[in-house]
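The values are calculated or read from the model by the stated rules, or taken from the named source; none is laboratory data. Keep in mind it's a predicted model, so treat the numbers as computed, not measured. Here Cβ is always computed from backbone atoms with ideal geometry, including for glycine, and neighbour counts include all displayed protein chains. All accessible areas refer to the heavy atoms of the entire protein, side chains included, with ligands and DNA or RNA removed. Shrake-Rupley method; radii C 1.70, N 1.55, O 1.52, S 1.80 Å.
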Amino acid sequence: LYIGTAGNVLVTLSGQNKIVDKGTTTATTSNKLTDSTQNFSTTVQKRDVVVNTTDGTYAFVSAVDSDTALSLVNYANVSGGSPANDIMASGEKYEIHRPVLFQNVAAGSILPIEVDRVWPENAGTTTTDIILLY
C-alpha cells in the first residue's frame, strides 16, 4: 500500500472483511446506536466502525454501554461536531466492522500489508494518492 500524501489510512486487512455485527436500530438516541435485539457486549469492541447502510455514514464505537447500546464518536474521537457521529436514527440498518487505522503515515510511505478495503475519508482515511501494489 503506497501512501502519496501524509495522513491517516483506515483499512480492512486481507481476509478480515467479516462483519462483526449488523441489524436495525430500535431507538433514536443522540451519539448512540441502540438496538434492543442485540448483545453487543459479546461481539463489539471499542474503535470498531459502525456503517449506517441506510445513508452511508460512519462512526467509531467509543464504548459498549450495554448489550443493546453503543456510544459513537467520529474518526477524530470527538462526540459531536464535524465530521458527524450522530448517524443512527430508529429503523436504520447498520453493519459493524473491525478495520485497522494507521495514523500519521508519512508521505511516500509503503505499508507492506494486504488489504481488502480502504475506507473513505468520512470513515477516517485522511491521506490521498493511495496506490495498492500487488
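Scaling the Cα radius of gyration of the chain by the globular reference 2.2 N^0.38 Å produces a ratio of 1.07.
On alpha carbon coordinates alone, what is the Rg over Rh value for segment 95-134, Rh being the Kirkwood radius?
Rounded to two decimals, Rg/Rh equals 0.92.
On a per residue basis, segment 23-134 carries 51 Å² of accessible surface, using protein heavy atoms and a 1.4 Å probe.
For K18 and E121, calculate 0.36 nm times their separation in residues minus their Cα-Cα distance, and state this gained length in nm to one decimal.
This chain segment gains 35.0 nm when fully extended.
Where does the charge balance sit around S90 when Lys and Arg score +1, Asp and Glu -1, over other residues with C-beta under 15 Å from its C-beta?
Residues near S90 contribute -2 overall.
What number comes out for the charge environment of G23, summing +1 per Lys or Arg and -1 per Asp or Glu over other residues with Cβ under 13 Å away? So the surrounding residues net to -3.
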